[in-house]
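The values are calculated or read from the model by the stated rules, or taken from the named source; none is laboratory data. If you're wondering where the values come from, they're calculated on a predicted model, not measured in any experiment. Note: ideal-geometry Cβ built from the backbone for every residue, glycine included; neighbour counts use all protein chains shown.
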Amino acid sequence: MPELPEVETVVRGLQRVLPGRRILGVRLGKTDFIDDPASLERDLPGKTIMQVRRHGKFLVFDLQSGNQSEPAKALLIHLGMTGRLATTPSDAPILPHTHAFFALDNERELRYTDIRRFGQIRVLLNGQHVATLGKLGLDPLEMSEPEFAERISGHRAMIKALLLDQTVLRGMGNIYTDESLWRARIHPRRLGSNLKPKELKGLFRAAQDILNEAIRLGGSSISDYVDANGQPGEFQLRHRVYQREGMKCFRCKTKIRRIVVAGRSSYFCPHCQRAPR
């Protein structure tokens, strides 16, 4: 599933080409993953894309209408597990499983392709931003170290579950949680409330370093992910534990193990990341 670095990479690619472009029309294929498809066809034509930004794992397209009295709207997209967003010439061949076409005023289209259709597309009206996005936690790249420590240490839950909880931190996912815990030498089953200040500091720095490095390398392409230009990421070449069960740890040569935490496969080194008693 695309996580924070992958979504940020797509956002940066779209932000370079979409601001100022006007949506001329919307054409939809399968709509079972779209909240109110009629609203896309009704509310988006004529709107100008002002900016594309990331909120956790969501892409938010801020829109402007020529009618100043009309309430502000935004297009909200979640890529789910296999979603792709890219701009392409309007006459370009259509990839299989392309379900949404947004015609632009420069003879190009913004196309959404999703094999498994676990994504989400919806129009946000003015006032719905807070109700929809406000329940998410702080962004790990925007929060301070004290904010991070306060949110983690205040919970008697396993640290892996806390990092994946979008109401605690928005944007973290399985890949970067495992990689951050390995770099910080913290077992995924440790309780957040039991982590020492030095461990919290190390985990905060590890998460920020890994997320920023992954963004620089265009994210991790495990199966379907590509950026807004159709290019795969490269950070999967830097993975140290994720999906490396049975392989040697890069630090101590102990074999990487896999356990299930919070319903997710969790990869760790049993020597570098000591299990809680």
When restricted to Arg111, Arg190, Arg205, the only residue closer than 23 Å to Phe235 by Cβ and either in contact with a Gly (Cβ under 8 Å, 6 or more places away or on another chain) or at pLDDT 95 or above (or both) is Arg205
Discussion item. Criterion first (at pLDDT 95 or above and closer than 20 Å to Arg53 by Cβ) does Arg185 satisfy it?
Written reply: no
Taking region 149-176 and the residues there that are touching a residue at least 60 places away in the same chain (Cβ under 8 Å) and either among the aliphatic types (A, V, I, L, M) or touching a Cys at 6+ places or on another chain (Cβ under 9 Å) (or both), the one that is nearest to Asn194 (Cα to Cα) would be Met158
If you go through Asp114, Asp105, the only one that is assigned by TED's automatic domain parsing to the domain that holds Leu14, of a type in the set (D, E, K, R) and in contact with a Phe, Trp or Tyr (Cβ under 9 Å, 6 or more places away or on another chain) is Asp114
(Q) at pLDDT 95 or above, assigned to a helix (DSSP H, G or I) and buried (at least 17 other Cβ atoms within 10 Å of the Cβ): is that true of Leu18 in this structure? (A) no
Those residues of region 23-47 which are without any contact (Cβ under 8 Å) to a residue 40 or more places away in the chain and either of a type in the set (D, E, K, R) or surrounded by fewer than 16 Cβ atoms within 10 Å (Cβ to Cβ) (or both) amount to Ala38, Glu41, Arg42, Pro45, Gly46, Lys47
All conditions in (1) part of a strand (DSSP E or B); (2) within 13 Å of Leu203 (Cα to Cα) are true of Leu110 except (2)
Checked Ile94, Ile77 against criteria (free of Cβ contacts under 8 Å to residues at least 60 places away in the same chain, hydrophobic (A, V, I, L, M, F, W, C), loosely packed, with under 15 Cβ neighbours inside 10 Å and within 27 Å of Ser221 (Cα to Cα)); the one match is Ile94
Screening Ala86, Ala72, Ala103 for residues that are surrounded by 14 or more Cβ atoms within 10 Å (Cβ to Cβ), farther than 24 Å from Pro5 by Cα and in contact with a Gly (Cβ under 8 Å, 6 or more places away or on another chain) leaves only Ala103
